[in-house]
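Engineer: Sharing a structure, written as structure tokens. Questions coming.
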Amino acid sequence: MYAAIKADEANGLPPRTFESSKRTKWKRGLWQTCVGLSLLVLAFLVIFGLFMLALNGDYPDCNTGDYSTFDIDTLYFDLSLGAAKLIDVAWNMVAGRGGQAIIAISSYRVVSDSLMRITELGPVDLRLFTALSLNHGQFTNIYHTSKAIISLKGKRRTMTMIWITFSSIFLLAFPTLMDTATGYVQKQKFTYQYSDDGIIVPWYDRNQTRPGGALCVPVKDGRYQWGFSGFWSQITVLTFTAWLIGTFGIWMDAQHNCQLRRKGRTMDTFRAVEDIAGAIAEGLGPHTCGYSGKELSKALKKTAPVRYYCEEDEVTGLTRIGLTSRNVGKFKLSWTEKYG
């Protein structure tokens, strides 16, 4: 047993400093400028693209004056029903689900950095930390982040949690927004229906002395058009722009102020698992292997919130970084100190 432990230690990672992750101010500034310009170009392309689509689209030939925010009012193509359905499904898969995947990947990186930042500043619920670091994009995260808006102390931490809540809602709602903003309708023509005998005639053949009203009827060949709802397209663009600006602002805060992020100790699944495991061991003790996940979750509700700490190990002389529920001092890292 002892030999196996020694072998594991021999093959393990050595203690390290953060000097290799140190970057000059101009390099960090250049990287942040490039990211900012890329986001500006992305926002411009999205807005310009939708503007050009609206400019080059057709408008419904038939409009009786009954307006709904869900109306598809910018139309394209002359399609069969099958082709219209195919385009709509392709849009929902590529733009809706594909866009959601891109947003999820982007926001996970920013949420992880922001989570480290607020956990450096003060205690957070371990269940919130676990949800955001390991279960990003799940509906239940909104419950945890909404509670944290009320419970967290400090304006910066509260504002960060408000953005994370908004980002989580936007991520889940994005495919629905993209689906709502598009659709297909059957081509129609403007006609006139006499109210005295119900006869329908083309609009240009109507007798203006006879009572009646405008009526939209489908064309005989059963053709369809695919297009956008102007109202919901604007809502989607405005929401996306707000998310983009907020994401960049939160990312910049973490880039400048999160010590773990600046030292290169970024968050991913394995990093989160190791930090969480240490916090669970401290809060529940070493005898947890026989308990179910439900039992562990129930027990963790009774533990205190956790925060990042760094302190020297008296045995090894190395500095340890981890999560703790103890009342520790201000979190501060060094470029040259050895951590292990």
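The values are calculated or read from the model by the stated rules, or taken from the named source; none is laboratory data. Just so we're clear, the structure is a prediction, and the values are computed from it rather than from any experiment. So basically every Cβ, Gly included, is an ideal-geometry build from the backbone, and we count neighbours across all protein chains shown.
Engineer: Specify which of the listed residues (R326, R307) is in a loop (DSSP other than H, G, I, E, B) and on the phi < 0 side of the Ramachandran plot.
Structural biologist: R326
Engineer: Here is a follow-up. Do we find that T288 is more than 26 Å from F166 (Cα to Cα) and among the polar types (S, T, N, Q) in this structure?
Structural biologist: yes
Engineer: Could you check the stretch 305-325 and list, in sequence order, the residues that are within 21 Å of L121 (Cα to Cα) and at pLDDT below 90?
Structural biologist: Result: E312, single match.
Engineer: Examine the stretch 174-187 for a residue that is farther than 23 Å from T236 by Cβ, at pLDDT 75 or above and either crowded, with 21+ Cβ neighbours inside 10 Å or touching a strand residue (DSSP E or B) at 6+ places or on another chain (Cβ under 8 Å) (or both), and state whether such a residue exists.
Structural biologist: Checked the stretch 174-187: at least one residue is farther than 23 Å from T236 by Cβ, at pLDDT 75 or above and either crowded, with 21+ Cβ neighbours inside 10 Å or touching a strand residue (DSSP E or B) at 6+ places or on another chain (Cβ under 8 Å) (or both).
Engineer: If the requirement is being over 24 Å from L13 (Cβ atoms), among the polar types (S, T, N, Q) and surrounded by 14 or more Cβ atoms within 10 Å (Cβ to Cβ), which of these qualifies: T319, T266, T303?
Structural biologist: T303 is the lone residue from the list that is over 24 Å from L13 (Cβ atoms), among the polar types (S, T, N, Q) and surrounded by 14 or more Cβ atoms within 10 Å (Cβ to Cβ).
Engineer: Test of understanding: among S297, S334, which residue is touching a residue at least 24 places away in the same chain (Cβ under 8 Å), assigned to a helix (DSSP H, G or I) and not β-branched (V, I, T)?
Structural biologist: The unique qualifying residue is S297.
Engineer: Oh, and also: Among the residues of the stretch 79-102, write down those that are loosely packed, with under 15 Cβ neighbours inside 10 Å and either touching a His at 6+ places or on another chain (Cβ under 8 Å) or of a type outside the set (G, A, S) (or both).
Structural biologist: Result: L81, K85, L86, V89, M93, V94, R97, I102.
Engineer: Now for a different question. Is there any pair with a first residue in the stretch 67-96 that is in contact (Cβ under 8 Å) with a residue 12 or more places away in the chain and β-branched (V, I, T) and a second that is surrounded by 15 or more Cβ atoms within 10 Å (Cβ to Cβ) and part of a strand (DSSP E or B) whose Cβ atoms are under 7 Å apart and which are 6 or more apart or on different chains, and what are they?
Structural biologist: Correct list of pairs: I72/G183; I72/V185; I72/G227; I72/F228; T74/G227; T74/F228; I87/W226.
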